[in-house]
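Notes follow the structure.
The values are calculated or read from the model by the stated rules, or taken from the named source; none is laboratory data. Worth saying up front: this structure is predicted, and the values here are computed from it rather than measured. A quick note on method: Cβ atoms are made from the backbone with ideal geometry, for glycine too, and the neighbour counts reach across all protein chains shown.
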Amino acid sequence: MKLLRFETIDSSNTYALKNFDELEDLTAVVADEQTAGRGRFDRTWVSDNCQNIYLSFVLKPEKKEYIANLTQYLSVVTAKIIETYNVKPQIKWPNDVLVNNKKICGILCESSLKNNKIQGVVLGIGINLNMPKNTIEEIEKMGRPATSLNLKLGKKVDKEEFLEKLLKEFYQNYDKTVEHGFEFIKEDYKSRIEFLNKTVYLQLRDGAPKEAVVAKDIDNNGNLIVLDSQGVAKTVLSGDIIL
Ligand code: BTN
């Protein structure tokens with residue numbers, strides 16, 4: 001397990017994807033600051049050097065069947081580390097981690113393809129550990145409820161300590177998740193979900209219309225089961241929900 005560190009980089013995900021062939025399996029790429037941090041749905045991810053975490057794992061598992069569940073695994077890992085600070089996070093399907101209904105962590109998983117075959121993934125995560133209040137306010141002005149661990153705790157968070165705990169926890173059960181998929185993390189994941197049986201807004205892509213649905217369950221593959229406005233059950237494989 002290699003740790004590669006950069007002071008400034010465009011995006012740790014972009015770097016890991018560009019250099020995927022040369023980077024060893026399980027390498028963690030960590031940046032203090034990103035000049036072009038990216039989120040899901042082509043959103044930007046605010047990545048100033050504020051002692052936050054900007055990290056991308058290079059993952060090349062032999063068994064690829066459950067690769068899509070690795071984002072959910074990383075959300076569980078992150079929630080567990082946040083809990084060590086006596087803060088109660090929740091997971092918002094598929095892989096956001098929230099505190100007080102506001103986003104504290106986002107995960108972006110991108111595949112590396114060669115001749116149309118998946119070689120592996122770059123699993124990127126940004127965690128707001130030490131955001132200044134005004135930066136959070138700027139993000140919220142864009143209509144994205146956000147928070148940061150320092151604001152919740154009322155003090156600065158030791159980034160190196162958090163990072164060390166996170167890496168240790170991630171590597172600990174990674175092989176089991178690759179082997180067994182969602183089955184292995186199901187309890188840990190579902191026990192941190194708080195929106196089941198509530199009406200939420202489902203958005204399949206950025207800019208797509210938002211549909212009010214009732215979130216019913218997470219199935220054994222980690223997909224979201226919803227009831228649409230007609231009461232018809234649907235399985236959602238990817239998208240976003242707005243609480
Ligand atoms: C989201 O939209 O919720 C996902 C945000 C992912 C941000 C992280 S920060 C490290 C890595 N590098 C990036 O450019 N993005 C991811």
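Among what's in region 1-59 and is part of a loop (DSSP other than H, G, I, E, B) and of a type in the set (Lys, Arg), pick the residue that is nearest to residue 111 (Cα to Cα). Before you say what the answer is, go through the steps one by one.
Keep residues of region 1-59 that are part of a loop (DSSP other than H, G, I, E, B), which gives 1-2, 10-11, 19-26, 35-37, 39, 43, 45-52.
With the extra rule that they be of a type in the set (Lys, Arg), the set shrinks to 2, 43.
Details: 2: 20, 43: 18 Å.
Taking the candidates together, the pick is 43.
For region 38-63, name all the residues that are among the small types (Gly, Ala, Ser) and under 14 Å from the mean Cα position of the chain (by Cα).
Correct list: 39, 56.
Going by the structure shown, is residue 154 of a type in the set (Gly, Ala, Ser), more than 16 Å from the chain's Cα centre (by Cα), more than 24 Å from residue 27 (Cβ to Cβ) and away from the ligand (no atom under 14 Å from the Cβ)? Please lay out each step first, then the result.
Details: of a type in the set (Gly, Ala, Ser): yes; more than 16 Å from the chain's Cα centre (by Cα): yes; more than 24 Å from residue 27 (Cβ to Cβ): yes; away from the ligand (no atom under 14 Å from the Cβ): yes.
In short, yes.
Can you tell me which of 27, 44 is in contact with a strand residue (DSSP E or B) (Cβ under 9 Å, 6 or more places away or on another chain), surrounded by fewer than 18 Cβ atoms within 10 Å (Cβ to Cβ) and of a type in the set (Ser, Thr, Tyr)? Break it down into steps so the answer makes sense when it comes.
Working: 27 fails: surrounded by fewer than 18 Cβ atoms within 10 Å (Cβ to Cβ).
When all the criteria are applied, what remains is 44.
Counting only residues that are outside any helix (DSSP H, G or I) and surrounded by fewer than 20 Cβ atoms within 10 Å (Cβ to Cβ), which one in region 60-79 is nearest to the ligand (Cβ to nearest atom)?
Taking the candidates together, the pick is 60.
Just need a number here: residues in region 153-166 that are surrounded by fewer than 20 Cβ atoms within 10 Å (Cβ to Cβ) and either assigned to a helix (DSSP H, G or I) or at pLDDT below 95 (or both).
7
Within region 167-196, can you find the residues that are at pLDDT below 95 and of a type outside the set (A, V, I, L, M, F, W, C)?
Listed by number, the list holds a single entry, 194.
Kindly provide the set of residues from region 218-243 that are among the charged types (D, E, K, R) and farther than 24 Å from residue 178 by Cβ, ordered by number. Quick ask: steps written out before the conclusion?
The initial filter retains those residues of region 218-243 that are among the charged types (D, E, K, R), namely 219, 228, 234, 240.
228, 234, 240 - these are the residues of region 218-243 that are among the charged types (D, E, K, R) and farther than 24 Å from residue 178 by Cβ.
Can you report the number of residues in region 181-213 which are in a strand (DSSP E or B) and surrounded by 18 or more Cβ atoms within 10 Å (Cβ to Cβ)?
3
If a residue must be outside any helix (DSSP H, G or I) and free of Cβ contacts under 8 Å to residues at least 12 places away in the same chain, how many such residues does region 136-152 contain?
2
To keep it simple, each residue is scored yes or no on (1) without any contact (Cβ under 8 Å) to a residue 24 or more places away in the chain; (2) near the ligand (Cβ under 9 Å from one of its atoms); (3) under 21 Å from residue 151 (Cα atoms).
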{"position": "3", "(1), (2), (3)": "no, no, no"}
{"position": "14", "(1), (2), (3)": "no, yes, no"}
{"position": "27", "(1), (2), (3)": "no, no, no"}
{"position": "48", "(1), (2), (3)": "no, no, yes"}
{"position": "82", "(1), (2), (3)": "no, no, yes"}
{"position": "102", "(1), (2), (3)": "no, no, yes"}
{"position": "107", "(1), (2), (3)": "no, yes, yes"}
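Quick check: is even one residue across region 91-100 of a type in the set (Phe, Trp, Tyr) and either surrounded by fewer than 22 Cβ atoms within 10 Å (Cβ to Cβ) or within 13 Å of the ligand (Cβ to nearest atom) (or both)?
Yes: region 91-100 contains one or more residues that are of a type in the set (Phe, Trp, Tyr) and either surrounded by fewer than 22 Cβ atoms within 10 Å (Cβ to Cβ) or within 13 Å of the ligand (Cβ to nearest atom) (or both).
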